[in-house]
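Notes for the one structure printed next.
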Amino acid sequence: MAKYKDEFKFKLSKPIKYQAKTAEGYGFKECSELILRAPNLRSHYRIGNILQALFTPALLKAQKTMLELVSSQPIKKGKQEVEINDEEANKTIVNFGILSIGKDINDFYDNFEKLLISENICFLDNNVQFTETELNEIDNEDFKQLTTEYTSNFFIVSWMRSLGGK
């Protein structure tokens, strides 16, 4: 069973700039790491439900396909077999699930963006609230990876539990 985290840090491959108070007044600072917190059930319930409704059918499809792939052949990196830990496996399944969403993928990403800029979810250095301005600065590949890691860290366990009726 995966260990529950209530916060994690995400390293951006391409740092973003944001306006902040400095010793000289206001200026731009560079941020290369985001701090992400687990969603609050009361505050983020609606967005979480929308994301789950869009993701769950794709997750089931992805999980089945990934299990078939993993069980049919060993995973190799170069010439060496690689052992996959639970966290890596979850991220792979989540990423494959997101890509399997199909025509609703833009709705999924739009709602994920709303979640990121909502209160108490994502922060820049020194607990500065992440906003739409910074969201627009994030590199596309960073955003996709962030979506995968956030979903894997905070949603996947509860979504799978709800599918199993537990």
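All of the numbers you see were taken from the coordinates with simple rules; none came from a lab. As the structure is a computational prediction, the values presented were derived from the model and not from experiment. Glycine gets a Cβ as well: all are built from the backbone with ideal geometry, and neighbour counts include every protein chain shown.
List of remarks:
- Among 122, 105, 136 the positive-end extreme of the charge dipole of the range 88-141 (Cβ point charges): 105
- A simple spin-label model places pseudo-atoms 7 Å from Cα toward Cβ; at residue 32 and residue 99 they are separated by 2.8 nm.
- Cut-off under 5 Å, modelled amide H: who pairs with residue 130 long-range: 122, 123, 124
- Range of Cα positions in the range 86-144 per principal axis (Å), largest first: 33, 29, 20
- Distance between modelled label sites at residue 118 and residue 14, nm, 7 Å Cα→Cβ extension: 2.8 nm
- Net charge, residue 15 excluded, C-beta distance under 15 Å - Lys, Arg +1, Asp, Glu -1: -3
- Karplus (6.51, -1.76, 1.60) ³J(HN,Hα), θ = phi - 60°, over the range 136-147, in Hz, Gly and Pro reported as x: 5, 8, 5, 4, 4, 5, 4, 4, 4, 5, 4, 4
- Stretching residue 88 away from residue 22 to a fully extended chain increases their span by 19.9 nm, per 0.36 nm per residue minus the current alpha-carbon distance.
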